[in-house]
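One structure is given below, encoded as structure tokens.
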Amino acid sequence: MSKAPGSGSAPYYQQQQQQEDPRWKPWMVPLILIASVAVFIVEMLINNCPAHPSPYGGCVARFLHRFSFQPLRDNPLFGPSSSTLIKLGALVWDKVVHQHQAWRLITSVWLHAGLIHLIVNMLSLLFVGIRLEQQFGFVRVGLIYLLSGFGGNVLSALFLRNGVSVGASGALFGLLGSMLSELITNWTIYSNRAAAILTLGFIIVLNLAVGTLPHVDNFAHIGGFITGFLLGFVLLPRPQFGWMHRHDLPQSSQPRSKYKPYQYVLWVVSLLILLACFTVSLVMLFKGKNGNDHCHWCHYLNCIPTSKWSCDSR
């Protein structure tokens, strides 16, 4: 889960873009927000806390009747029970691997553990997604969102075998990753490059650092970020300015290529790495492999134990 503004670009670039590229009207990001809220309402409707007494105490906000929340000891995020989330498609390693319910790698992206979880993720989506959809359109941004959520869940399932995982955090980190690769692949367009990459880098590092705290699935964050980062090179390159102005240039000055050579190299390399990562990860997952057996220090990426908390309860 993360809240992040855009990567920041120079006024010159913004003026040039407004003249050359029509800005898409964002509708996919608001639609995702509406769908996520609707799914959460369905979660609470099916959960029906008053009809299922909990050993942790009474329901929270009982005036909401069947939409009231589970006791805070059961769910501190003001949401449904784990059994309800599992029923609706939460990510559970055993069900994905042994019961062949691979669809949970997708459905869990649309579920949220509670009202707080939903609000934080949707605010993050608005901050990050609106800007990207305006500049690149709903198709490319939608692909990054969905594939990053899927990639985050695959990595999470490889390393975390216990517990229930839901949420759009992996997809949101994918959008952050694509913003970084978009900055790199369109490097020559930006004039204030250092400030842009430092700002975005700080946001990414800060959010990944928060992911090392207990009860946060940082593997989903990392998997989503890597997927989005690679997809950004594939889906978000911009044509060089010379190509955009080719009709106003003399024949001798016409650009030979729509994209710069390094953009083509990044496109090919990133696509190959992405396909290889997905293939290896999915084969390992459905063979029941435990990622921790092949990376004995990786668990520190998800939680760093201290005297203040333990990572064993995750």
Rank these by accessible area, largest first, 1.4 Å probe: 189, 304. 304, 189
Could you compute how much accessible surface residue 199 exposes when probed at 1.4 Å, giving the result in Å² to the nearest 10? 70 Å²
Rank these by accessible area, largest first, 1.4 Å probe: 204, 106. 106, 204
If packing is taken as the average count of other Cβ atoms within 10 Å, what order do 84-93, 221-230 fall into, highest mean first? 221-230, 84-93
HN-Hα couplings for the range 108-124 via Karplus (6.51, -1.76, 1.60; θ = phi - 60°), in whole Hz with x for Gly/Pro, come out as 5, 5, 8, 9, 9, 6, x, 4, 5, 4, 5, 4, 4, 5, 6, 5, 5
I'd like to know how the range 84-229 sits against the 2.2 N^0.38 Å rule of thumb: what's its Cα Rg over that expected value? 1.06
Sorted by chain and number, the residues with a modelled amide H under 5 Å from that of residue 79, at a separation of 5 or more or across chains, are 70, 115
What number results when the radius of gyration of the range 28-157, computed over Cα atoms, is divided by 2.2 N^0.38 Å? 1.15
Provide Rg and Dmax in Å for the range 127-200, with only Cα atoms included in the calculation. 14.5, 47
Considering Cα pairs under 8 angstrom that are at least six residues apart, work out the relative contact order of the range 133-191 and quote it in whole percent. 40 percent
Per the Cauchy relation, a quarter of the hull surface: what is the mean projected area of the convex hull of the alpha carbons in the range 76-138, in nm²? 5.3 nm²
Given a 1.4 Å probe and heavy atoms of the protein chains only, how would you sort 33, 115, largest accessible area at the top? 115, 33
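The values are calculated or read from the model by the stated rules, or taken from the named source; none is laboratory data. Values in this document were obtained by computation on a predicted structure and should not be read as measured data. Ideal geometry is used to build each Cβ from the backbone, glycine not excepted, and the neighbour counts take in all protein chains shown. Side chains are part of the model used for accessible areas, which takes the heavy atoms of the whole protein and leaves out ligands, DNA and RNA. Shrake-Rupley method; radii C 1.70, N 1.55, O 1.52, S 1.80 Å.
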